[in-house]
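To start, the structure under review is shown below, and the notes come after it.
The values are calculated or read from the model by the stated rules, or taken from the named source; none is laboratory data. Since the model is a prediction, treat every value here as computed from it, not as a measurement. For neighbour counting, all protein chains shown are included, and Cβ atoms are generated from backbone atoms with ideal geometry for every residue, glycine included.
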Amino acid sequence: MEVQHGTSWQKLSCSTVAKTVQRFNRTGSTQNRPRHGRPKQVYEQLYDTLDIVGGPEVRAQATAKATVAAFAASEGHAHPRVVELPKTEEGLGFNIMGGKEQNSPIYISRVIPGGVADRQGGLKRGDQLLSVNGVSVEGEHHEKAVDLLKAAQGSVKLVVRYTPKVLEEMEARFEKMRSARRRQQHTSYSSLESRG
């Protein structure tokens, strides 16, 4: 991560920022405290651990920007990235869900262990699929994305953005709908039994 200060660029370690937020998310040190107190703790941790050349003001500004970036990333907001996968006989090694007909974006719902996507390492569960070989799938039907993936020759270039929180919400909504459908079917079956 680079943060600009005047005419100089300060390099910040993305892994340090991410590890700090992950540590605070895992440990009990912030679990019992209100969420609004966490940025201060992350800021202090980053201030102490980041290697930033400059005076206290430059260090404070860089740490503040790194803290904001860390929390944005931990909330699932990320920049789009390009993932290129070879198209093989075994497929691409991932599943998608969602689409216009489900009133949701299209997501990578599963990366198959040992499959092409898993071996390449660039794709992860929770990635929103933005385009396939330069064709946007934002706001499109599920089948369009499937057709584009199947039609790819040689390799497929995906533009994705990591947004796991939205995928979790979408999966919870689908599970709620499935449960309601099962209850309705069970109720219908029970009423048929009582008549018979």
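Here the condition is being in contact with a helix residue (DSSP H, G or I) (Cβ under 7 Å, 6 or more places away or on another chain), surrounded by 12 or more Cβ atoms within 10 Å (Cβ to Cβ), among the aliphatic types (A, V, I, L, M) and at pLDDT 80 or above; of Val132, Val160, Val116, Val146, it holds for Val132 alone. If I filter region 62-99 down to residues being surrounded by fewer than 19 Cβ atoms within 10 Å (Cβ to Cβ) and at positive phi, which single residue comes out as modelled with the highest pLDDT? Checking each candidate, the answer is Gly91.
Considering only region 95-114, state which residues are over 20 Å from Glu169 (Cα atoms) and in contact with a strand residue (DSSP E or B) (Cβ under 7 Å, 6 or more places away or on another chain).
Looking only at region 95-114, we keep the residues that are over 20 Å from Glu169 (Cα atoms), and these are 112-114.
Of everything in region 95-114, just one residue is over 20 Å from Glu169 (Cα atoms) and in contact with a strand residue (DSSP E or B) (Cβ under 7 Å, 6 or more places away or on another chain), namely Ile112.
In region 100-125, the residues that are at positive phi reach residues that are modelled with pLDDT of 90 or more with C-beta atoms within less than 9 angstrom, at least six apart or across chains, in these pairs: Gly114/Gly93.
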